[in-house]
Amino acid sequence: MLGLMTVPNSIGGVMGAWRHPDAWPDDRIMNLDHYISIAKTAERGKFDCLFVADGNGVRQIGNPELFQALSPLDRPANFEPLTLYAALSQHTRHIGFVSTATTTYEEPYILARKFASLDHISKGRAAWNIVTTADPEESRNFGREQHLAPAERYPRAMEFVDVVKGLWDSWADDAFVQNRETGQFLDASRVHVLNHEGEYLKVRGPLNVARPIQGHPILFTAGQSEAGRELAAKYADCLFAVAMTKADGIALRNDVRERLGKYGRPSDALKVFPAISVYVGETAEAAEKLYQEVGDCIPAHLGIKYLEKTLVTDLSGYDLDAPFPDLELTEVVGINSIRQEMARHFKEKNLTIRQAFQSTMRVTGGACFKGAPTQVADEIEDWYRSGACDGFLIAPPIVPTVLEDFVDLVVPELQRRGIFRTEYTGRTLRENLGLPMPRNQFFGASA
Ligand SMILES: Cc1cc2nc3c(=O)[nH]c(=O)nc-3n(C[C@H](O)[C@H](O)[C@H](O)COP(=O)(O)O)c2cc1C
């Protein structure tokens, strides 16, 4: 069954979308009511989960023109995701909550505790998007001048995830006996003290939260590099992907699925979810009109700056209307894989620099599906049936209207084709995603 997720970003998915007449009319940021409304709409559409991308810092502060115009990805004013989800969980019953958290700057004990708590609060709907922090600037909020290089970030991430999983398994499911007659509250033989001492981390344990309802919250990753794919193959239930075309999706999904055997996992144990931007309307013309209007909300002079930021490269001196150049994209300490992939795609598609930034600014990252509901459903079905993905992360450019249109126009079409659920069948996110319950590594028999 196809999986669907979306992003609860109340200011929209692309730069300038907040200016569009369909965007929420009031200009209050940090508006919880908007997030509740998005969560309810997505749940009405039977989406698997919401996904909050996150970081611990404000991006682009040194780039005033872009900063003032506001790209939603720069996150100048956002709720802390787990706090937000605790609130949203009280207004919904089924939809899951994927929150990003970094293995580079967080502490595993605190992170394990927060996700375990959300899993209990939401009755089994928590998921962790494991990242190593994409924005190098965030290091400065943690007393470091330099971001950790990928060669160190990913090994640390692996050890970090092992520790978090170990902490989640601190307690056997039957540890809290709470026998009023004998006065025994818990069974001291049913708790495991982790005593972890590794290359990067030293954590004693046990966790001060009972084992999560899902055993472990669902694990997502989003890294696309060699090290990122290994992290996914070893630990992830789901991978967020960047695929500009169906062929890219097929290649990526095959690649990561082939890696799973090395870690003793069956190749279908990992689900792949490319991010796509969707422009949908009652007709193809309405969708095209929306696409043009969103483009018009973005000041033209910011286009080149936006592309330079995305590719982390200087494009001054190039003719904007000449074919996309062969760029020497030297290694940066932040994201490499995505920028290299994008530059390759522009070249392959024979775009000019101007065309490259015009298309990039209208999407949140990855492919763009545009058209009438049946056309969008055709693309979704084609990618899904071709093995390019197990589902999609839908990024609506304008919120709430495009999400509502997707739910009202595209979801019924997917349901009619038999590839998407008509009702939630599970009680937890894990059950809705069709993932097995992980056994407790220290108390296997009781899990
Ligand atoms: C859909 C998606 C969402 C992502 N969300 C975040 C995020 O919230 N925070 C973050 O620091 N990085 C995020 N990333 C970046 C990845 O963690 C990763 O750094 C990036 O894909 C490059 O892969 P690499 O680190 O393996 O080179 C996201 C990537 C994708 C594709």
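The values are calculated or read from the model by the stated rules, or taken from the named source; none is laboratory data. Model, not experiment: these values are computed from the prediction. Please note: Cβ atoms are built from the backbone with ideal geometry, for glycine as well, and neighbour counts cover all protein chains shown. Calculation scope for accessible area: heavy atoms of the full protein, side chains included, ligands and nucleic acids excluded. Shrake-Rupley method; radii C 1.70, N 1.55, O 1.52, S 1.80 Å.
Considering the conditions (1) within 16 Å of the ligand (Cβ to nearest atom); (2) polar (S, T, N, Q); (3) closer than 16 Å to PHE115 by Cα, SER225 is excluded by exactly one of them, (3). Per this entry, THR313 is not counted among residues that are in a loop (DSSP other than H, G, I, E, B), of a type in the set (Ser, Thr, Tyr) and open to solvent by 50 Å² or more (accessible area, probe 1.4 Å). Restricting attention to segment 58-73, the residues being closer than 14 Å to ALA134 by Cβ and either modelled with pLDDT of 85 or more or exposed (fewer than 15 other Cβ atoms within 10 Å of the Cβ) (or both) number 3.
Looking at ARG354, ARG385, which one is open to solvent by 60 Å² or more (accessible area, probe 1.4 Å), touching an Asp or Glu at 6+ places or on another chain (Cβ under 7 Å) and not small (Gly, Ala, Ser)?
Numbers: ARG385 fails: touching an Asp or Glu at 6+ places or on another chain (Cβ under 7 Å).
Going through ARG354, ARG385 in turn, just one is open to solvent by 60 Å² or more (accessible area, probe 1.4 Å), touching an Asp or Glu at 6+ places or on another chain (Cβ under 7 Å) and not small (Gly, Ala, Ser): ARG354.
At least 2 residues being closer than 19 Å to LEU433 by Cβ is the threshold, and among the helices (runs of 4 or more DSSP H) wholly inside segment 194-296 those reaching it are 226-235, 246-259.
Scanning segment 41-62 for residues that are in a loop (DSSP other than H, G, I, E, B), under 12 Å from LEU4 (Cβ atoms) and within 15 Å of the ligand (Cβ to nearest atom) yields a single hit, ASP48.
Return yes when ASN141 is exposed (fewer than 14 other Cβ atoms within 10 Å of the Cβ) and touching a residue at least 40 places away in the same chain (Cβ under 8 Å) and no when it is not. Walk me through it before giving the result.
Numbers: exposed (fewer than 14 other Cβ atoms within 10 Å of the Cβ): yes; touching a residue at least 40 places away in the same chain (Cβ under 8 Å): yes.
Yes: the conditions hold for ASN141.
Quick check on segment 39-54. Is at least one of its residues open to solvent by less than 30 Å² (accessible area, probe 1.4 Å) and more than 27 Å from THR422 (Cα to Cα)? Looking through segment 39-54, none of the residues is open to solvent by less than 30 Å² (accessible area, probe 1.4 Å) and more than 27 Å from THR422 (Cα to Cα). Within segment 355-373, can one find any residue that is away from the ligand (no atom under 16 Å from the Cβ), of a type in the set (Val, Ile, Thr) and either at pLDDT below 90 or not assigned by TED's automatic domain parsing to the domain that holds ASN63 (or both)? Within segment 355-373, none of the residues are away from the ligand (no atom under 16 Å from the Cβ), of a type in the set (Val, Ile, Thr) and either at pLDDT below 90 or not assigned by TED's automatic domain parsing to the domain that holds ASN63 (or both).
Out of ASP174, ASP169, report the one residue that is open to solvent by 40 Å² or more (accessible area, probe 1.4 Å) and in the same structural domain as SER117 (by TED's automatic domain parsing). Break it down into steps so the answer makes sense when it comes.
On the way: ASP169 fails: open to solvent by 40 Å² or more (accessible area, probe 1.4 Å).
Being open to solvent by 40 Å² or more (accessible area, probe 1.4 Å) and in the same structural domain as SER117 (by TED's automatic domain parsing) holds for just one of ASP174, ASP169, which is ASP174.
So, ARG144, is that one assigned to a helix (DSSP H, G or I), more than 25 Å from GLN214 (Cα to Cα), within 16 Å of the ligand (Cβ to nearest atom) and in the same structural domain as PRO217 (by TED's automatic domain parsing) or not? In short, no.
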